[in-house]
1. In the range 19-89, what percent of the accessible surface is made up of carbon and sulfur (1.4 Å probe, ligands and nucleic acids excluded)?
2. Using protein chains only and a probe of 1.4 angstrom, how many square angstrom of MET19 are accessible, to the nearest 10?
3. Any chance you could give the angle, 0 to 90 degrees and rounded to 10, that helix 42-72 forms with the longest Cα principal axis of the chain?
4. Please list log₁₀ I(q)/I(0) at q = 0.14, 0.21, 0.23, 0.24 Å⁻¹ for the range 2-89, using the Debye equation with identical point scatterers on the alpha-carbon positions.
5. How high is the relative contact order of the chain? Use alpha-carbon pairs under 8 Å, at least six apart in sequence, and give a whole percent.
6. Take LEU29, LEU54 and sort them by solvent-accessible surface of the protein heavy atoms, 1.4 Å probe, largest at the top.
7. Are there chymotrypsin sites (Phe, Trp or Tyr not before Pro) in the range 1-87 that DSSP puts in a loop and that have at most 15 other Cβ atoms within 10 Å, and which ones?
8. Rounding to the nearest 10 and keeping the result within 0 to 90°, find how far the Cα-based axis of helix 11-38 lies from the longest principal axis of the chain.
Amino acid sequence: YLQAFHPDLPAGVTMGAAMASGIATSLALETVVLRVTEGFSWRRSLSVAWGMSLTSMLAMETAENITNYVITGGIVVTSDIYWWMALIP
């Protein structure tokens, strides 16, 4: 969204927002899964989700943003056919 509709934003801002939203989504999903499957309290579920996967989530989001930057140069031009075919071998 930010790359398509706000291309004037610096890549660092866009990547930071993407990392924050990805981590928040992962924490929320893991918290709900732990609450439902393990029967933990909400506080315990959030604590376990935070403790067991924050490092892996940061690494995943960083790798995703680096890959995005390498492929697109930090700018998404959805009208360019090469953007749509970037990962087709």
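The values are calculated or read from the model by the stated rules, or taken from the named source; none is laboratory data. Since the structure is predicted, the reported quantities are computational estimates derived from the model, not experimental observations. Here the Cβ is made from the backbone with ideal geometry for all residues, glycine too, and neighbour counts use every protein chain on show. Accessible surface is based on the protein model in full, side chains and every heavy atom, while ligands, DNA and RNA are left aside. Shrake-Rupley method; radii C 1.70, N 1.55, O 1.52, S 1.80 Å.
1. Details: 3520 of 5140 Å².
C and S atoms contribute 68 percent here.
2. About 50 Å², ignoring ligands and nucleic acids.
3. 10 degrees
4. Computed log10 I(q)/I(0) values: -0.62, -0.94, -1.04, -1.09.
5. Numbers: 51 pairs, mean separation 28.9, N = 89.
33 percent.
6. On the way: LEU29 110, LEU54 40 Å².
Heavy-atom accessible area, descending, gives LEU29, LEU54.
7. Numbers: sites: TYR1, PHE5, PHE40, TRP42, TRP50, TYR69, TYR82, TRP83, TRP84; in loops: TYR1, PHE40.
In loop regions of the range 1-87 (DSSP not H, G, I, E or B), the sparsely surrounded chymotrypsin sites (Phe, Trp or Tyr not before Pro) are TYR1.
8. Once rounded, one gets 30 degrees.
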